[in-house]
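A.B. asks: Quick one: structure below, then a few questions.
Taken together, the values in this text are just the output of simple stated rules run on the coordinates, not laboratory data. Since the structure is predicted, the reported quantities are computational estimates derived from the model, not experimental observations. Cβ coordinates were reconstructed from backbone atoms using ideal geometry, including for glycine residues, and neighbour counts include every protein chain displayed.
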Amino acid sequence: MSAKAYIFINTEEGKTCQVVKMLRGNADVESVEVLEGYPDIIVAMKARTRQKLTKSVIQALTTIENLTNDTQVLPVKKAYTSRQFDKPAQRIERAAN
């Protein structure tokens, strides 16, 4: 089972391309997208375990010199199907347990 994280990054003005190049050099980076507006960049990272993913995210972020702000988002461990979201909230909570 693999773990995935999304990272929203803002960079210093004019440094976005440099940050993208640095991120694409990381083996755990699945994709890097430059966005219009806030945030500047969204990154998807994937690793075999959440522990390895955490270390990889920290390493990736500490190597970026022109980072002004970042937010990391880890999806919940159990994936939900679209049918589960059609149910009332109480049923979804029970399904998560």
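A.B. asks: Collect the residues in the range 1-27 that are assigned to a strand (DSSP E or B), closer than 14 Å to Leu67 by Cα and of a type outside the set (S, T, N, Q), keeping them in residue-number order.
C.D. replies: Ile7, Phe8, Ile9
A.B. asks: Keeping to the range 28-61, report how many residues are in a loop (DSSP other than H, G, I, E, B) and either touching a helix residue (DSSP H, G or I) at 6+ places or on another chain (Cβ under 7 Å) or touching a residue at least 24 places away in the same chain (Cβ under 8 Å) (or both).
C.D. replies: 6
A.B. asks: Moving to a separate point now. Within the range 28-35, identify whether any single residue is crowded, with 19+ Cβ neighbours inside 10 Å and more than 13 Å from Val57 (Cβ to Cβ), and answer yes or no.
C.D. replies: Checked the range 28-35: at least one residue is crowded, with 19+ Cβ neighbours inside 10 Å and more than 13 Å from Val57 (Cβ to Cβ).
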